[in-house]
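Reviewing the structure listed below.
The values are calculated or read from the model by the stated rules, or taken from the named source; none is laboratory data. Just so it is clear, the structure is predicted and the values come from calculations on it, not from any experiment. Counting neighbours? That spans all protein chains shown, and the Cβs are built from the backbone with ideal geometry, glycine included.
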Amino acid sequence: MKLFWDTNVMLDFLGERAPFYISAAKIATLADKREVKIIASALSYATISYFLTKYEGLEKTKDKLRKFKVISEICELDELIIEKGLNSDFSDFEDSLQYFSALRTECDIIITRNGKDFKKSQIPVMTPDEFLNSIKE
């Protein structure tokens with residue numbers, strides 16, 4: 001199962017943001033065990049670096065990103081994804097880039113805490129908690 005992680009979930013995990021960290025960490029553990037695949041956009045890496053470096057410094061941030069890269073795959077952000085995002089009906093450009101990245105990598109589910117941002121998604125959208133509950137059943 002391929003899970004596309006929106007930037008907010010990646011930040012919850014790498015920034016260890018309570019109360020959201022635990023659910024994201026459980027999914028990361030599944031990825032580490034190769035039970036699921038996590039896909040993240042190259043854009044998310046840049047955004048995470050910007051925010052985490054302010055609080056944790058550059059070296060600690062880069063170390064966290066290196067470790068995350070081991071359990072995930074990166075979707076390239078290219079001209080076609082930018083073009084689709086610019087011409088989409090999304091009200092938020094960054095969300096459109098995430099969505100078209102998830103489509104490009106043929107993800108099964110978008111994992112985000114902002115499901116309302118993906119109302120028109122053709123891919124199921126879940127929070128980390130919703131995903132974890134769905135695999136328990």
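Within the range 41-71, count every residue that is exposed (fewer than 14 other Cβ atoms within 10 Å of the Cβ), part of a helix (DSSP H, G or I) and either of a type in the set (Gly, Ala, Ser) or in contact (Cβ under 8 Å) with a residue 40 or more places away in the chain (or both). The qualifying residues number 2. Within the range 72-100, the set of residues being in a helix (DSSP H, G or I) and within 15 Å of the chain's Cα centre (by Cα) comprises Glu94, Asp95, Ser96, Leu97, Gln98, Tyr99, Phe100. Checked across the range 120-137, the condition of being over 25 Å from Leu30 (Cα atoms) and either crowded, with 17+ Cβ neighbours inside 10 Å or at pLDDT 95 or above (or both) holds for no residue. Residue selection: Glu83 satisfies the criterion of being modelled with pLDDT of 95 or more and loosely packed, with under 12 Cβ neighbours inside 10 Å. Residue pairs whose Cβ atoms lie under 6 Å apart, separated by 6 or more positions or on different chains, with the first residue in the range 111-137 and within 21 Å of Ser101 (Cα to Cα) and the second of a type in the set (Lys, Arg) and part of a loop (DSSP other than H, G, I, E, B), are Thr127/Arg113.
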